[in-house]
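Read the structure below first, then the notes.
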Amino acid sequence: MFKLLACLVFLVALSCLLLPPAAASGPAFAVEEPLPLPDQRPAGAAQAPAGVPIFDGLVITHSVTFEPGVYNVEDVAEDGLIFIAGDGITLDGSGVYINGLDFGGYGIVMNGHSGLTLRHFDIQGFLYAVRIQDAQQVLIESSNLSGNRKETTGFWLDINIPFGYYGGGILFEEVISSTIYNNRLTNQSIGVEMFGSDHNTVVSNTISSGPAGNEAGQNSCWGVRLHSSTFNLIQDNQADYVDRERYGLDSGDAAGVLLVVGSNDNRVVGNSITHGGDGFFIGNEWGAPSNRNYVAGNDGSYSPHNAFETTFSDGNVFVDNVANYSDYGFWLATLTTRGSPATTSPATPPTGSPWTAGTTTSSTTTASSATRAASTCGTTGCPTRPAMPSTTTGSRKTVSASSCMTPTPYR
């Protein structure tokens, strides 16, 4: 009996040692989370959350990465699908395909900011893919901004019309010191359009291309259009087959490059502008003349009208251009004042021209009358757009009542 009692006492003592003490009364203390690690980005670096989806009215205030995917989204208010509302923003659209569906509004807009970079976007189905206003230091590169509004029914184009009526890829309004580089800007009215925009560079873009019958690769109004824009460089672009005869119309003042309304002191160098209504055209219909432009090393051959044309302007210089197999190689009309010819002495190349300073010989070689031939031109390395359902009839897409090509959603 004594031994059994001793064993019980021993077990009770052992259990007291093993059991945890009773919880003490009083306030509980939460365990603190570890402090976050210091931000390794340099001071002032933009915060860049990833995977932002795209919707109508999206406002961007800092650099972001978009969620990849196909976005068939209309710009309902026609004031911009994506608003850029900050400075120094970089947007990469890799894997993003945007279709505005109805050829209205704009894919991306910015007004009053600077330092924007857009790259690797694929945007179609708007009035213009990108509209930039009152800005500087903008870079748009390596994007496919094709397949926006395409006018194919009007007989004569209004070369002086302001503020982006016909539609196209990129619209600049009062933009300075900016660059458009290595983009595809085909299958729409206009590739690049500028109003009151100065000191910009448009280089190495595929704006319109052959061969004949390649409607999806060709623009219907102009490749590059400058309106009251000065000191810009248009260099090494492909803007071929910008003509309207394939719609059963006259060329209607279509051209690979068009300068109007006081677009002075620009450099148009090394571009392929063949098979256009005109290759290069300085127009002047009751507007200010466009003077002192330097046009060198371009190929404007195979125009049904004029490879190079200037109307009522002065001091424009043409050097080493090719103007074969056109109705006229050069059609050069001098600015007149009160019925008297103005001074026609050639200007020297603008400061910074890639061509030899002082080389001012004006090329006036008469074009050959040989049969025009199609030419197949190379393309720049732009993003490849996903396959889309075909809505073509023959070599042309069905034209809608709004005079635009019928939009087709992505698959």
Exercise. Going by the conditions given, is Pro304 in contact with a helix residue (DSSP H, G or I) (Cβ under 8 Å, 6 or more places away or on another chain) and either crowded, with 22+ Cβ neighbours inside 10 Å or over 18 Å from Thr201 (Cβ atoms) (or both)?
Worked result: yes
Exercise. Right, Asn99: of a type outside the set (A, V, I, L, M) and buried (at least 22 other Cβ atoms within 10 Å of the Cβ) or not?
Worked result: yes
For this session: Answer yes or no as to whether Leu171 is farther than 30 Å from Tyr247 by Cβ, part of a strand (DSSP E or B) and under 11 Å from the mean Cα position of the chain (by Cα).
Result: no
For this session: Kindly indicate which of Asn219, Asn200 is without any contact (Cβ under 8 Å) to a residue 60 or more places away in the chain and of a type outside the set (A, V, I, L, M, F, W, C).
Result: Asn200
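Take Thr153 and decide whether it is among the hydroxyl-bearing types (Ser, Thr, Tyr), surrounded by fewer than 18 Cβ atoms within 10 Å (Cβ to Cβ) and more than 21 Å from Val268 (Cβ to Cβ).
Details: among the hydroxyl-bearing types (Ser, Thr, Tyr): yes; surrounded by fewer than 18 Cβ atoms within 10 Å (Cβ to Cβ): yes; more than 21 Å from Val268 (Cβ to Cβ): yes.
Judged against the criteria, Thr153 is a match.
Counting just the residues of the range 265-282 that are surrounded by fewer than 24 Cβ atoms within 10 Å (Cβ to Cβ) and not basic (Lys, Arg), which one comes out farthest from the chain's Cα centre (by Cα)? Lay out the reasoning, then the answer.
Initial filter on the range 265-282 (surrounded by fewer than 24 Cβ atoms within 10 Å (Cβ to Cβ)): 265, 267, 269-270.
After this cut, where a residue has to be not basic (Lys, Arg) as well, the list is 265, 269-270.
Numbers: Asp265: 23, Val269: 19, Gly270: 20 Å.
Once the filter is applied, the top-ranked residue is Asp265.
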Problem set entry | Positions within the range 60-111 being farther than 18 Å from Gly125 by Cα and part of a strand (DSSP E or B), in sequence order | Ile60, Val64, Thr65, Phe66, Ile84, Thr90, Leu91, Asp92, Met110, Asn111
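Select from the range 116-140 the residues that are closer than 21 Å to Ser229 by Cβ and not hydrophobic (A, V, I, L, M, F, W, C) and list them in ascending order. Please lay out each step first, then the result.
First, the residues of the range 116-140 that are closer than 21 Å to Ser229 by Cβ: 116, 118, 127-140.
Listed by number, the residues that qualify are Tyr128, Arg131, Gln133, Asp134, Gln136, Gln137.
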Seminar exercise, completed: If we ask which residues in the range 163-179 are touching a Ser or Thr at 6+ places or on another chain (Cβ under 7 Å) and either farther than 13 Å from Leu226 by Cα or hydrophobic (A, V, I, L, M, F, W, C) (or both), their number turns out to be 8
Exercise. Is it true that some residue in the range 83-94 is among the hydroxyl-bearing types (Ser, Thr, Tyr), surrounded by fewer than 24 Cβ atoms within 10 Å (Cβ to Cβ) and closer than 23 Å to Val192 by Cβ?
Worked result: yes
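Check whether at least one residue in the range 279-296 is under 22 Å from Asp314 (Cβ atoms), among the basic types (Lys, Arg), touching a residue at least 40 places away in the same chain (Cβ under 8 Å) and out of contact with any helix residue (DSSP H, G or I) (no Cβ under 9 Å at 6 or more places or on another chain), and report yes or no. Talk me through it step by step, then tell me what you get.
Taking the range 279-296 and keeping what is under 22 Å from Asp314 (Cβ atoms), we get 279-296.
Narrowing further to those that are among the basic types (Lys, Arg): 292.
Add one more test, that the residue is touching a residue at least 40 places away in the same chain (Cβ under 8 Å), and what stays is 292.
This time we only want the ones that are out of contact with any helix residue (DSSP H, G or I) (no Cβ under 9 Å at 6 or more places or on another chain), so: 292.
For the range 279-296, residues under 22 Å from Asp314 (Cβ atoms), among the basic types (Lys, Arg), touching a residue at least 40 places away in the same chain (Cβ under 8 Å) and out of contact with any helix residue (DSSP H, G or I) (no Cβ under 9 Å at 6 or more places or on another chain): present.
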Exercise. Which residue, of Gln218, Gln188, Gln137, is surrounded by fewer than 24 Cβ atoms within 10 Å (Cβ to Cβ) and touching a strand residue (DSSP E or B) at 6+ places or on another chain (Cβ under 6 Å)?
Worked result: Gln137
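Let's see how each residue does on (1) modelled with pLDDT of 90 or more; (2) assigned to a loop (DSSP other than H, G, I, E, B); (3) on the phi < 0 side of the Ramachandran plot:
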| position | (1), (2), (3) |
| --- | --- |
| His275 | yes, yes, no |
| Asn284 | no, yes, yes |
| Ser301 | yes, yes, yes |
| Phe312 | no, no, no |
| Phe318 | yes, no, yes |
| Ala333 | no, no, yes |
| Thr348 | no, yes, yes |
| Trp355 | no, yes, yes |
| Ser363 | no, yes, yes |
For this session: Taking Ala46 as meeting all but one of (1) modelled with pLDDT under 95; (2) surrounded by fewer than 13 Cβ atoms within 10 Å (Cβ to Cβ), write down the number of the exception.
Result: (2)
For this session: Select from the range 252-269 the residues that are within 12 Å of Asn219 (Cα to Cα) and part of a loop (DSSP other than H, G, I, E, B) and list them in ascending order.
Result: Ala254
Exercise. Checking Thr65 against (1) at pLDDT below 95; (2) buried (at least 20 other Cβ atoms within 10 Å of the Cβ); (3) β-branched (Val, Ile, Thr), which single condition isn't satisfied?
Worked result: (2)
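The values are calculated or read from the model by the stated rules, or taken from the named source; none is laboratory data. This is a predicted model, so every value here is computed, not measured. Using ideal geometry, Cβ is built from the backbone for each residue, glycine included, and neighbour counts are taken over all protein chains shown.
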